[in-house]
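Okay, so here's the structure we're looking at.
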Amino acid sequence: MAAMFMASLDSLVLKPEQKTAVDGIEADLLKTHEAAKAPREKLEGDVADGVLAGKIDHAKTDADIRALTAAVAGTQPSVQDAMNRLYKTLDVEQRKKLVEVMREKGKEMHAHGFGEHEHEGGHEHEGKGPGHEHEGKGPGHEHEGKGPGGMEHGGPGGMEHGPGGMEHGGPLMQLGDALGLTAEQKEKIHVKLEAQMKARHTAMKDKMAAAEKHMAAIGDAFVSDKFDAKKAGVGTQAPEMVKAMANMRIEFVETILAVLTPEQRAKFAAHVREHAAEEEAE
């Protein structure tokens, strides 16, 4: 939620003193990304190890996800404090404008992402999710497509596309080429991913509806005479989002893994590690 607000700030004309305050708020929010760095790296490493071994160790990855979720939950006070500071920094008209722009962005994302193409959790557009449509914006999510903890969009190795990615030149097709997948392997992956997408379709719609309602309530509170980010619930949904998306990604990796030869598994594991390292270096 904080990411949505910060990503919309470029629509405002800020006074010099406001710009200084906003820069400080953004800097503090960026620090929340570091809180999840260690458990995120542990999860990425255990997923890659599982790929190489031919089987994901769920005892390890479940523990990693719990640690990551706890780390993200621990950032809530900092995110809420930043939102309270942002509220105090902006005047009434600026707050109204910010919420208006934020809601328009939300409608655009729904129309072009969540409403039409729900492959791999609905984030098929270059791995971008709510509040991450502007590069470099958001609470500690300065990398494109990163959400709380930096991990929840797509799969390890940037495989954020669903079944369509095999056919339309997306990252999944590029991965297939890199791994040397046969036509039969690609078809098996396509069928499995499409079945997974259909199975979670209703659940994802319900979750998105709940998230939109939550965001609307926070927006209403932000334009009111008084605002308390904690009471409004800013950041409370982030841990569950991280958990859900991490589990979806592991499911996605296992779908790919199931059809690979030992030689392809080694390439896939290297790909996962390489992409994880690139994300941390950005």
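The values are calculated or read from the model by the stated rules, or taken from the named source; none is laboratory data. Note that the structure is a prediction, hence the values are computed from the model and not measured. Reconstructed Cβ throughout: ideal geometry from the backbone, glycine too, with neighbour counts over all protein chains shown.
Among residues of segment 39-58 that are of a type in the set (Lys, Arg), those with a beta-carbon under 9 Å from a residue that is buried (at least 22 other Cβ atoms within 10 Å of the Cβ) and outside any helix (DSSP H, G or I) at least six positions away or on a different chain give the pairs ARG40/MET151. In the set LYS213, LYS207, only one residue is out of contact with any Gly (no Cβ under 9 Å at 6 or more places or on another chain), part of a helix (DSSP H, G or I) and farther than 23 Å from ALA36 by Cβ; that residue is LYS213. Checked against (1) modelled with pLDDT of 95 or more; (2) touching a Ser or Thr at 6+ places or on another chain (Cβ under 9 Å), GLY235 passes all but condition (1). Within segment 1-37, the set of residues being farther than 22 Å from GLU108 by Cβ and among the small types (Gly, Ala, Ser) comprises ALA21, GLY24, ALA27, ALA35, ALA36. When ALA199, ALA269, ALA209, ALA217 are checked against the criterion of being over 30 Å from GLU100 (Cα atoms) and surrounded by fewer than 19 Cβ atoms within 10 Å (Cβ to Cβ), a single residue qualifies: ALA199. Among the residues of segment 11-67, those that are of a type in the set (D, E, K, R) and either in contact with a strand residue (DSSP E or B) (Cβ under 8 Å, 6 or more places away or on another chain) or within 22 Å of ALA270 (Cβ to Cβ) (or both) comprise LYS37, ARG40, GLU41, LYS42, GLU44, ASP46, ASP49, LYS55, ASP57, LYS60, ASP64.
Filter segment 178-192 for residues that are assigned to a helix (DSSP H, G or I) and β-branched (Val, Ile, Thr) and give the result. Residues satisfying the conditions are ILE189, VAL191. Cβ-Cβ distances below 6 Å connect the following pairs, each with a first residue in segment 20-34 that is under 16 Å from PRO77 (Cβ atoms), a second residue that is polar (S, T, N, Q) and not in a helix (DSSP H, G or I), and a separation of six or more residues or different chains: THR32/THR75. Could you list, in sequence order, all residues of segment 216-268 that are part of a loop (DSSP other than H, G, I, E, B) and acidic (Asp, Glu)? Those that are part of a loop (DSSP other than H, G, I, E, B) and acidic (Asp, Glu): ASP225, ASP228.
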